[in-house]
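Every read-out reported here was derived from the displayed coordinates using simple, explicitly stated rules and does not represent laboratory data. Owing to the predicted nature of the structure, the values given are computational and were not obtained by experimental measurement. So basically every Cβ, Gly included, is an ideal-geometry build from the backbone, and we count neighbours across all protein chains shown.
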Amino acid sequence: MNADKDIIEDGVVVIDNDSITHIGGRELLELYPDKKIIDGKSGILIPGFVNAHTHCAMSVFRSLGDDVANRLTKYLFPLEKLLVDKEMTSLGAMYGAAEMALAGVTTFADMYYFEDEVAKSTKKIGLRGVLGETVVDFIAPDSKKPYEGLEYSEWFIDKWKNDDLITPGVAPHAPYTNDTEHLQKAFSLAETKDVPILMHIAETNSESDKYLKEYNLSPVEYLSSIGMLNERMIGAHLIHVNDNDLNILKDKKIGISHNIGANAKGAHGLAPAYKMYNMGLKLGLGTDGPMSGNTLDIFTQMGLVAKIHKLFNDDRTIFPAKEIVEMATIGGARALHMDNIIGSIEIGKKADLVIVETDSINMQPIYDYYSVLVYSANASNVSKVIVNGKLIVDNKELLTQDLSILTKELMKTREIIVKIAKTL
């Protein structure tokens, strides 16, 4: 997934500690006769997938309240208020990170409460995370007063800054859940600490209606007018955007997560991702939280992006598989402003690599590697995963945590959630 989209048949990649040092053919094996060799067994070696937007701790609520009109207000907000604490966040994040690892996601961007617990769980699984503490204008599970997330964020950033896997940030939830003053405080904190800022932007019609009515601006134009947008911003969704918005996003070098599965399920609309891609915006793919999109794997998103945009544009030739894989890897790295260190198999970049096996019945025959990844493969085809030079999945098994123990703990939590959900 370099600039030339090179494909090396029978290729070899050399890793030293956490980085890629050589790339080539089988002849490289002769230079390292005594080193550890990982046999790809005719698999497809790709850069790790990047999940550019999620709330992985919400895995504890997956499949609850699906297909109902008021899921957010009837189930999620009350459940979070009553149940979400450090322990539940830790378990949900661990389970979600494990799911991503087994699906070949090596880096993800996350927004939630108790983000320190998300960071610790991410480290235990062995993934790379861009993690932002949520800031809202109401009392949240980890705050006793509105906007207390800003204080948490400052502590969280100081704790995790310069970690080899965790990039801490601040995450004002959305323009409509933060007033102008606190949005600017969040931005100032990100600037002062030199960290990313993550936010939901232009996700719903009601959000667009609010800013049109109050300011005669779109949400993007409003954020730009108050000085919130620059290249440290990672914006999720950006569905309801106009041409001027797109020009602002390009000019300000905003990272964008296209979350087609969750957006389609929530009937929020279709972001103009095809136009964004052709304008050269920093576009990646995200799953959103596992209560919104239910899955945390990027294979699912790739297929949906390709098919839905072809259907919407009435053109089966747009978004060829090569471009979809780009968005899932180096595109996601660009969206997170990390494409200088991850997202492609290039010398000097971090060794975040995935082997997709080709022995399963759904994988053969292969005439086009990109097409088989987008249209044929699924998460169960991920055989090996390396993050920061460390093997964390081998032969489809997670090496860093015991999944059986995690699942047992999740089932205990499920019993508690079921009892509470029946009262809602």
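For region 263-319, the alpha-carbon radius of gyration amounts to 1.14 times the rule-of-thumb value 2.2 N^0.38 Å expected for a compact globular protein. Measuring between their Cα centroids, region 268-346 and region 396-424 lie 30 Å from each other. For region 173-226, the set of trypsin sites (Lys or Arg not before Pro) satisfying both a DSSP loop assignment and a count of at most 14 other C-beta atoms within 10 Å is empty.
Under 12 Å of direct C-alpha separation, and excluding same-chain neighbours fewer than eight residues apart, K86 reaches these aspartates and glutamates: E115, D116, E117, D142. For region 36-109, the alpha-carbon coordinates run over 51, 28, 18 Å along the three principal axes, in decreasing order.
Label sites at L31 and N244, each approximated as a point 7 angstrom past Cα along Cα to Cβ, lie 5.5 nm apart. With no solvent and one point per C-alpha, what does the Debye sum give as log10 I(q)/I(0) for region 203-284 at q = 0.16, 0.19, 0.27 Å⁻¹? After summing over all Cα pairs, the log10 values are -0.57, -0.80, -1.43. Relative contact order of region 297-357, taken over Cα pairs closer than 8 Å and 6 or more residues apart, is 19 percent. Think of region 261-372 as a dipole: +1 on every Lys or Arg Cβ, -1 on every Asp or Glu Cβ, centred on the Cα centre; then among S292, S371, A267, A267 lies furthest on the positive end. Using the beta-carbon distance between N278 and K408 and R0 = 56 Å, what value does 1/(1 + (r/R0)^6) give for FRET efficiency, to the nearest 0.05? Approximately 0.70, to the nearest 0.05. For region 166-228 and region 61-84, what is the centre-to-centre distance using only Cα atoms, to the nearest Å? Answer, in whole Å: 24. The reciprocal of the average 1/r between distinct C-alpha atoms defines the Kirkwood hydrodynamic radius, which for the chain equals 21.8 Å.
Positive-end ranking of T358, N70, M100 along the dipole of the chain, with charges on Cβ about the Cα centre, is headed by N70. With 26 Å as the cut-off, how large is the P(r) tail for region 296-418, expressed as percent of Cα-Cα pairs? Within region 296-418, distances greater than 26 Å cover 35 percent of Cα pairs. Applying a DSSP loop filter and a limit of 13 other Cβ atoms within 10 Å to the trypsin sites (Lys or Arg not before Pro) in region 1-108 leaves K5, K35, K36, K41. Each of the chymotrypsin sites (Phe, Trp or Tyr not before Pro) that DSSP puts in a loop and that has at most 13 other Cβ atoms within 10 Å breaks the chain; the longest unbroken stretch is 139-366. Ordering P47, F312, V195 by Cα displacement along the dipole of the chain toward the positive end leaves F312 in first place; charges were set at the Cβ atoms of Lys, Arg (+1) and Asp, Glu (-1). Among the trypsin sites (Lys or Arg not before Pro) in region 320-424, those placed in a DSSP loop whose Cβ has at most 11 other Cβ atoms within 10 Å are K422. Placing +1 on each Lys and Arg Cβ and -1 on each Asp and Glu Cβ, with no other charges, gives the chain a dipole about its Cα centre of roughly 740 debye. Using R0 = 56 Å, the C-beta based FRET efficiency linking K124 and T317 works out to 0.80.
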